[in-house]
Every structure is written in structure tokens, then in C-alpha cells.
Amino acid sequence: MKKFAISVVLIFLGAVSFLYAFYFKGYYIDFNSSDPIQIYAKVEGKNIFIKNKENEYQDFIIKGVNLSSSIAGNYAADYALDYDTYLRWFKLIQEMGSNTIRTYTIYDDTFYNAFYDYNKNNENPLYLLQGIQVSDYANNSSIDVYGKGFYDELKQDSIDVVDVIHGRKIISYNNMKGSGKYTKDISPWLLGYIVGNEWNSGTIKYTNQGDYTTEYTGKYFKTTSDATVFEAMLAKMMDEMVNYESSKYKTQSLITFSASPEIDPFEYDSYYAKQLGKHTMVDAEHIQSTENLLSGYFASYQLYEYCPNFSDYFSETQKKNLADILNNLDTSTYYDGYTQLLQEYHTMPVVISSFG
């Protein structure tokens with residue numbers, strides 16, 4: 001009887017340990033390494049395609065809305081929105097003509113449950129751009145991106161968010177992010193992941209001055225010879241994230257990192273750059289995907305109002321390098337032609353993932 005009791009206790013502890021490792025820490029063993037990779041969205045040239053219900057890829061034009069986790073009278077981190085409100089908002093978002101929503105971080109499980117239920121029998125589903133947030137403290141403190149509480153925390157969040165999307169995560173507590181039991185697989189409607197938000201250009205410059213490598217070659221991403229320390233970190237982060245999703249779930253999603261005018265790949269006059277708060281540049285072209293990335297990689301920018309006639313403030317060298325684009329820039333278009341410049345400069349799709 002005593003041996004039986006001990007055996008039961010050991011089995012129970014083993015089961016608890018397994019559940020903790022799998023649902024809380026993200027540990028797994030890849031028993032099906034040869035299984036094909038599932039792709040729901042992919043990039044071809046400068047276009048994004050999604051797989052429809054006939055399993056055929058169709059061109060997809062993103063018409064999106066940033067979806068807040070807050071409601072009047074509550075903080076965003078309260079996650080006070082209920083299931084019915086999310087469903088109502090999803091319906092209103094589609095009725096106004098949008099097909100995509102963007103979230104900045106992991107929301108509570110109520111959001112993902114509502115998103116799954118709204119889409120599961122919907123012939124015209126909503127798609128999700130899922131953000132991975134950098135903590136304000138880490139982003140605006142005196143540490144660089146490899147400092148304590150920055151890279152490791154961001155990497156853990158990138159693993160957590162993949163498990164959340166695939167419905168295999170339990171988060172009991174999450175500082176400034178959502179928590180709950182994530183059991184709904186919403187990956188068929190995931191358009192892609194966005195790593196980071198509102199990167200502090202001073203933190204990036206400080207990182208680039210550190211004694212770290214500017215080179216990275218992974219299975220899915222690699223850097224060019226022009227890459228910076230920060231860009232090498234982004235390549236490594238995205239590579240590890242794609243590898244985790246590919247190995248554990250046999251799925252690949254689109255992926256990118258967040259950029260803005262403060263860190264765009266253009267060089268400005270020093271006085272204008274100071275006014276803009278621009279101390280450095282981050283260029284998505286310095287990070288290249290390998291043939292193993294079957295889904296795709298795109299550039300993502302969040303925009304806000306700033307001085308008009310931006311191209312007048314480019315450095316003389318920058319004006320010369322961009323002459324072919326600037327000479328045909330239509331400044332009457334949105335954002336004085338800035339979005340046109342981004343689209344023509346990049347060799348990949350460009351998504352304006354936020355404005356305001």
C-alpha cells in the first residue's frame with residue numbers, strides 16, 4: 001500500500017511538473033521534426049497574401065484598427081473589457097470596412113476567446129497583428145537592450161505570445177500584460193507578429209556603441225555587412241521566435257519589428273534630427289530572411305504628426321542617394337509623400353501599423 005501511495009504521488013508530481021513546463025514555461029520536445037510547415041499568410045515581393053477557405057492564396061490589403069485593451073474609467077492594464085464588448089467591437093470594426101486589428105501586447109484571455117468565437121464560423125474573418133511590447137522601464141532606462149530585464153524579458157514575451165496565439169499557455173500573473181488560460185488556437189487568423197513598440201532611439205544608439213556583435217546568421221534571418229548591433233539583436237530575436245513556432249507548432253507566421261520616423265533609415269539635418277528626437281537609424285533592409293522562412297518578413301512603421309516637408313531636411317548625402325525617389329515624390333499624397341518614400345525604398349511590403 002505504501003509503495004502504491006508513493007507511486008501515485010510521484011505520478012501526480014510528474015504530471016504537475018509536465019503541465020508547468022509545457023503551459024507555463026513553454027518547454028517542448030519536437031517529436032515531428034519532418035512534418036510540413038503550415039503557412040496562413042505569406043509575402044511575395046511587396047505584397048502580402050493570405051490563405052482563403054479554399055486553401056488558395058489571395059492578395060490581401062490591410063485595412064486595420066488599433067484595438068485598445070482599455071475602456072473609459074479603467075487603465076489599459078486593467079483589461080476591463082468583457083467578452084460581449086469585444087464581440088460588439090469586432091462587428092463594428094468590420095462594418096466600417098476594416099479587416100485587421102492590431103494589439104500592442106498580450107491581452108487577457110477574454111480577448112482571444114472572443115476573437116476565436118467571432119471568427120470560427122465567419123466566412124469573412126478578422127485578422128490580427130499581434131504586438132510584443134517592450135517595457136517602458138527597460139526602453140527608457142540607462143541600460144542597453146542586452147541589459148538586465150530587457151533582452152531576456154523580451155525573448156520570454158516572444159515565446160509566451162506564440163503559445164498564446166496557439167492556445168497552449170497559462171499565465172497566472174503578467175505585469176502590465178494580460179493573463180489567464182489561453183486555450184483557443186487563433187493562428188489561422190494571425191497575420192503576423194510585431195516585435196517591440198516605440199523603441200527609444202537613445203537606447204538604440206547606446207546599444208550600438210556597446211561591445212556587441214553586428215553580425216548574425218541564423219536559420220531564418222541573417223544580417224548584412226551594414227547592420228548595427230541593434231539590428232543584429234532584432235535578427236536574432238525574430239529568428240528564435242520563428243524557430244520556436246516552426247518547431248513546436250509546425251506553423252510560420254509573418255514577422256516584423258516596429259519602427260517610426262525617430263528611427264527610420266534616413267539621415268536628416270542635425271537640427272531637424274534633434275527636433276525629431278532622432279539619434280540613430282534602423283533599417284529593415286539590413287536584416288534579410290533566408291530561404292527557410294516560408295511565410296515572410298515585412299517593414300512596419302508607426303507614424304505620428306511631425307514637421308511637413310520632411311524631405312527638405314534630409315542631409316545632402318541622403319538627398320543624393322534618394323534622388324531617383326525624391327524627384328518623383330508626390331507630396332500631395334498621404335503624409336507629404338513619406339509613405340510613398342517608405343514603399344519605394346523598401347524591397348518588402350510596408351505596413352503602417354499605427355498612427356497617432
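The values are calculated or read from the model by the stated rules, or taken from the named source; none is laboratory data. All values reported here derive from a predicted model rather than from experimental measurement. Here Cβ is always computed from backbone atoms with ideal geometry, including for glycine, and neighbour counts include all displayed protein chains. Accessible surface is based on the protein model in full, side chains and every heavy atom, while ligands, DNA and RNA are left aside. Shrake-Rupley method; radii C 1.70, N 1.55, O 1.52, S 1.80 Å.
Tabulated values for the structure
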quantity: Checking Tyr297 against (1) open to solvent by 20 Å² or more (accessible area, probe 1.4 Å); (2) over 21 Å from Gly202 (Cα atoms); (3) of a type in the set (Ser, Thr, Tyr), the condition it does not meet; calculated: (1)
quantity: Considering residues of segment 300-317 that are of a type in the set (S, T, N, Q) and not in a loop (DSSP other than H, G, I, E, B) only, the residue surrounded by the most Cβ atoms within 10 Å (Cβ to Cβ); calculated: Ser300
quantity: Whichever residue in segment 272-290 is in a loop (DSSP other than H, G, I, E, B) and open to solvent by 40 Å² or more (accessible area, probe 1.4 Å) and, among such residues, is nearest to Phe221 (Cα to Cα); calculated: Met281
quantity: Tally, over segment 93-114, of residues that are among the hydrophobic types (A, V, I, L, M, F, W, C) and open to solvent by less than 10 Å² (accessible area, probe 1.4 Å); calculated: 4
quantity: Test for Asp163: is it under 24 Å from Tyr40 (Cβ atoms) and either open to solvent by 20 Å² or more (accessible area, probe 1.4 Å) or not aromatic (Phe, Trp, Tyr) (or both); calculated: yes
quantity: Out of Lys177, Lys181, Lys169, sole residue that is basic (Lys, Arg), open to solvent by 10 Å² or more (accessible area, probe 1.4 Å), under 27 Å from Tyr75 (Cβ atoms) and over 17 Å from the mean Cα position of the chain (by Cα); calculated: Lys181
quantity: Gly218 open to solvent by less than 40 Å² (accessible area, probe 1.4 Å) and either of a type in the set (Val, Ile, Thr) or within 24 Å of Pro349 (Cα to Cα) (or both); calculated: yes
quantity: Considering residues of segment 320-356 that are in contact with a Gly (Cβ under 8 Å, 6 or more places away or on another chain) and closer than 18 Å to Tyr268 by Cβ only, the residue modelled with the lowest pLDDT; calculated: Thr331
quantity: Selection count, segment 52-110, where residues are assigned to a loop (DSSP other than H, G, I, E, B) and among the β-branched types (Val, Ile, Thr); calculated: 5
quantity: Some residue of segment 341-349 being closer than 23 Å to Gly131 by Cβ and in a helix (DSSP H, G or I); calculated: yes
quantity: Test for Glu262: is it under 19 Å from the mean Cα position of the chain (by Cα), closer than 18 Å to Ser295 by Cβ and in a helix (DSSP H, G or I); calculated: no
quantity: Members of segment 128-143 that are in contact with a helix residue (DSSP H, G or I) (Cβ under 7 Å, 6 or more places away or on another chain) and modelled with pLDDT of 90 or more; calculated: Leu128, Gln130, Ile132
quantity: Condition check for Glu231: out of contact with any Pro (no Cβ under 9 Å at 6 or more places or on another chain), open to solvent by 40 Å² or more (accessible area, probe 1.4 Å) and not polar (S, T, N, Q); calculated: no
quantity: Qualifying positions in segment 36-62 - open to solvent by 70 Å² or more (accessible area, probe 1.4 Å), in contact (Cβ under 8 Å) with a residue 24 or more places away in the chain and farther than 18 Å from Met348 by Cα; calculated: Pro36, Lys53
quantity: Tally of residues being in contact (Cβ under 8 Å) with a residue 40 or more places away in the chain, part of a loop (DSSP other than H, G, I, E, B) and hydroxyl-bearing (Ser, Thr, Tyr) across segment 204-258; calculated: 5
quantity: Ala80, sole failed condition from (1) touching a Gly at 6+ places or on another chain (Cβ under 9 Å); (2) under 24 Å from Tyr301 (Cα atoms); calculated: (2)
